[in-house]
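These notes are about the structure you will find just below.
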Amino acid sequence: MTNALTEQTLGSLACLIPGATRVFRQYKLDFCCGGSTRLRDAAQQRGLDTEAIAAELAALSGDSATEPDWRDEPTADLIEHILERFHERHRDQLPELIRLANRVEQVHGNKADCPTGLAEHLWCMQQELESHMLKEEQILFPMLRRDSQLPQTQGPIAVMRYEHDQHGTALARLAELTNDITPPANACNTWRALYSGLEELRGDLMQHIHLENNILFVRASAN
């Protein structure tokens, strides 16, 4: 079974196995923007033990899902879930993270491990993500609700995929600024709260992109 899993793409495994996304985040495997990459290839690129990861996934495969299998749910329900679970959540997350990042930089700016530039980077992420979500809410999602396979959806979907790649690049820069979101041993409570929130943001944004790239957009491009 594990050999069969290694030949599947990260995106398909994320859809198929409850808990797979947690494993992928643990090993820093990009299942959202890099969802079309086979597990074997993705693991080899990072120098990881492919069979060990596949064994972890196989152990999860019998678990019950904690949420619906969105591949089987109506398009309108999936869109509503994305709006409520991710769009609204991102709008709550980023202002507070920017506030915390500004505080950490102001108080600890003289320390070598201070994430200098983080607040500005988060502000840029907020602007780009807000623009992206508005395009989905005002243009693409209404089209998909009417008919998930309208030919005219392909142009907007291509733009959204491109912007998802940009979000992935922004997450990579976020990791660079924060030592992969790892606070120093002597970090204050504000610093630790900031990094806890950043970890949540990263997980939410990756899951958000995964549901769109690997399920919603694939469905719209099926015919």
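Okay, here's what the table says:
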{"read-out": "Residue within the stretch 17-37 that is among the small types (Gly, Ala, Ser) and over 21 Å from residue 166 (Cβ atoms) present", "value": "yes"}
{"read-out": "Filter result for the condition that a residue is closer than 20 Å to residue 170 by Cβ and touching a Phe, Trp or Tyr at 6+ places or on another chain (Cβ under 7 Å), over 98, 82", "value": "98"}
{"read-out": "Residues that are in a helix (DSSP H, G or I) and touching a helix residue (DSSP H, G or I) at 6+ places or on another chain (Cβ under 7 Å), drawn from the stretch 138-151", "value": "139, 140, 141, 143, 144, 145"}
{"read-out": "Helices (runs of 4 or more DSSP H) fully within the stretch 1-64 counting 2 or more residues that are among the basic types (Lys, Arg)", "value": "20-26"}
{"read-out": "Odd one out for residue 113 among (1) part of a helix (DSSP H, G or I); (2) acidic (Asp, Glu); (3) out of contact with any helix residue (DSSP H, G or I) (no Cβ under 8 Å at 6 or more places or on another chain)", "value": "(1)"}
{"read-out": "Members of the stretch 175-207 found to be in contact with a helix residue (DSSP H, G or I) (Cβ under 7 Å, 6 or more places away or on another chain), farther than 15 Å from residue 34 by Cβ and surrounded by 17 or more Cβ atoms within 10 Å (Cβ to Cβ), listed by number", "value": "177, 178, 181, 183, 191, 193, 194, 197, 198, 201"}
{"read-out": "Residue in the stretch 208-215 that is in a helix (DSSP H, G or I) and without any contact (Cβ under 8 Å) to a residue 24 or more places away in the chain present", "value": "no"}
{"read-out": "Test for residue 170: is it small (Gly, Ala, Ser), within 19 Å of residue 213 (Cα to Cα) and outside the structural domain of residue 11 (by TED's automatic domain parsing)", "value": "yes"}
{"read-out": "Search result, residues across the stretch 184-207 that are outside any helix (DSSP H, G or I) and in contact (Cβ under 8 Å) with a residue 40 or more places away in the chain", "value": "184, 188"}
{"read-out": "Hey, residue 163 without any contact (Cβ under 8 Å) to a residue 40 or more places away in the chain and under 14 Å from the mean Cα position of the chain (by Cα) or not", "value": "yes"}
{"read-out": "Matching residues, the stretch 1-22, being hydrophobic (A, V, I, L, M, F, W, C) and modelled with pLDDT of 90 or more", "value": "10"}
{"read-out": "Scan of the stretch 69-84 for residues that are in contact (Cβ under 8 Å) with a residue 60 or more places away in the chain and farther than 14 Å from residue 134 by Cα, ordered by number", "value": "70, 71, 75, 76, 78, 81"}
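The values are calculated or read from the model by the stated rules, or taken from the named source; none is laboratory data. Note that this is a predicted model, so its numbers are computed, not measured. We place every Cβ from the backbone using ideal geometry, glycine too, and count neighbours over all the protein chains shown.
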